[in-house]
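The values are calculated or read from the model by the stated rules, or taken from the named source; none is laboratory data. Values in this document were obtained by computation on a predicted structure and should not be read as measured data. Here the Cβ positions follow ideal geometry from the backbone for every residue, glycine too, while neighbour counts run over all protein chains shown. In case anyone asks, the SASA skips ligands and DNA or RNA and just uses the protein heavy atoms, side chains included. Shrake-Rupley method; radii C 1.70, N 1.55, O 1.52, S 1.80 Å.
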Amino acid sequence: MTIKKRLILSNIGMVIIPVLLFLVVEMLIAFIWLYPMKGELNKETLSLFQSIRLFLLIFVLILSNGLLTFFVAKSIIDPLQKLKKSAHEISTGNLDTKIEIKGTKDELNDLAKEFEIMRKKLKEANDLQKQYEENQKELIASISHDLKTPLTSIKGYIRGIADGVANTPEKMDRYINTIEKNADNMESMISELLLYSKLDLPNVPYEKKKLELTSYFEDFMEDLKYNISKQNFNLKLEFDPNHSYTVMADRDKFNRVISNIVQNSINYMDKDNKEIKITLKSKANEVLIEIKDNGAGVSVEDIPYLFDRFYRTDVSRNSKSGGSGLGLAIVKKVIEGHGGSVWARGDIGQGLSIFLTVKKPLEGDG
């Protein structure tokens, strides 16, 4: 019952209930007191009866109106006190106390529900903020640890040059090349750290446009062939030309996804005849992409953790191979940001297959 109806009924009750109660009590007193006299009333008895009636009327009015006012006020004030207490708890940072008002469904009950929704949202935001802060601490600690290796190497080679250890042109070239390589690794780590930090924020903007995957991968593989021309690599692209492979994607972020997956395959390739095969399959509302290599592979036990940041296995993700440990974690973030999913299959010595799905454009998408 709403508060408005409750107040209207209480006002009506303040008139009807005293009248009815007065009539009932008056009839009861008259029956008990006057009935034995059998209608033989003197002036003094009648005057006393009328005085009793007046005091009785006043008493009934005060009692009934007081009780009605008390119970109606209690039904409003008690929930307000609970809401006040809950608001105080929220203002002091306690977001774990559930806000609940039992009883009739009225405006205060609705207000309590809105308070509870607000509390849950504040708690979710607070938990998300704490998790983000923990993530940032972990990121900084992990990347700092990984940066020590190339930095220590750079310092060692610089010290060697300063001490005259690189006393031949060949040694000097080797030292400088090693310093440059380690500096590039550090730059790559910092770049990936900055990207992952941005992706870790909520509401990261994605500039999605139509992207035709067959032509994209043909261009990508042409560039890749040039970059790995000195290595014995066999690159394959398979798709059914009768199907459409147009998706909605942020080209720059999607390019980072494919580059990270392919670079991961190149880094952990242990075969003389290296192979990377990309297969496209058209589904009803999405395109399934498989990127398969014939490298060292990953154990079945490690597969579920492959996309966790800084996760490394003893075989396929050894930190000695370089990298920030964020490559596949970035892949997961970006693909999920596109509304797709990513997973892996493989085993030790059987290579690794990375699967990802990207949504096709809906009608009206640009």
Out of VAL315, VAL331, VAL342, which single residue is among the β-branched types (Val, Ile, Thr) and modelled with pLDDT under 85?
-> VAL315
Sort out which residues of the stretch 56-94 are at pLDDT below 75, aliphatic (A, V, I, L, M) and touching a Leu at 6+ places or on another chain (Cβ under 9 Å), and write them in order of number.
-> VAL60, VAL72, ILE76
Taking the condition assigned to a loop (DSSP other than H, G, I, E, B) and either out of contact with any Phe, Trp or Tyr (no Cβ under 8 Å at 6 or more places or on another chain) or open to solvent by less than 40 Å² (accessible area, probe 1.4 Å) (or both), does VAL204 pass?
-> yes
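A quick yes/no check of all residues on (1) under 21 Å from SER191 (Cβ atoms); (2) at pLDDT 85 or above; (3) open to solvent by 60 Å² or more (accessible area, probe 1.4 Å):
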| site | (1), (2), (3) |
| --- | --- |
| ASP96 | no, no, yes |
| ASN109 | no, no, no |
| GLU114 | no, no, yes |
| ASP127 | no, no, yes |
| LYS137 | yes, no, yes |
| ILE143 | yes, no, no |
| THR149 | yes, no, yes |
Taking interchain pairs and intrachain pairs at least six residues apart, which have beta carbon atoms under 9 angstrom, with the first residue in the stretch 68-91 and more than 19 Å from ILE16 (Cβ to Cβ) and the second open to solvent by 100 Å² or more (accessible area, probe 1.4 Å) and not in a helix (DSSP H, G or I)?
-> LYS82/GLU100; SER86/LYS98; GLU89/ASP96
Tabulated pairs, the stretch 1-19, first of a type in the set (Ser, Thr, Tyr), second surrounded by 16 or more Cβ atoms within 10 Å (Cβ to Cβ) and at pLDDT 70 or above, C-beta under 9 angstrom, 6+ apart or interchain = SER10/LEU68; SER10/VAL72
Which one is surrounded by the fewest Cβ atoms within 10 Å (Cβ to Cβ), of the residues in the stretch 235-279 that are out of contact with any strand residue (DSSP E or B) (no Cβ under 6 Å at 6 or more places or on another chain) and among the hydrophobic types (A, V, I, L, M, F, W, C)?
-> ILE266
Residues (in contact with a Pro (Cβ under 9 Å, 6 or more places away or on another chain) and in a loop (DSSP other than H, G, I, E, B)) located in the stretch 213-261 = ASP250
Members of the stretch 212-226 found to be within 16 Å of ILE291 (Cβ to Cβ) and either open to solvent by less than 80 Å² (accessible area, probe 1.4 Å) or at pLDDT below 85 (or both), listed by number = LEU213, THR214, TYR216, PHE217, PHE220, MET221, LEU224, LYS225
Before we move on, is ILE154 open to solvent by less than 60 Å² (accessible area, probe 1.4 Å), at pLDDT 85 or above and either small (Gly, Ala, Ser) or over 24 Å from ALA329 (Cα atoms) (or both)?
-> yes
When you look at ASN182, is it assigned to a helix (DSSP H, G or I), modelled with pLDDT of 75 or more, of a type in the set (S, T, N, Q) and more than 36 Å from the chain's Cα centre (by Cα), yes or no?
-> yes
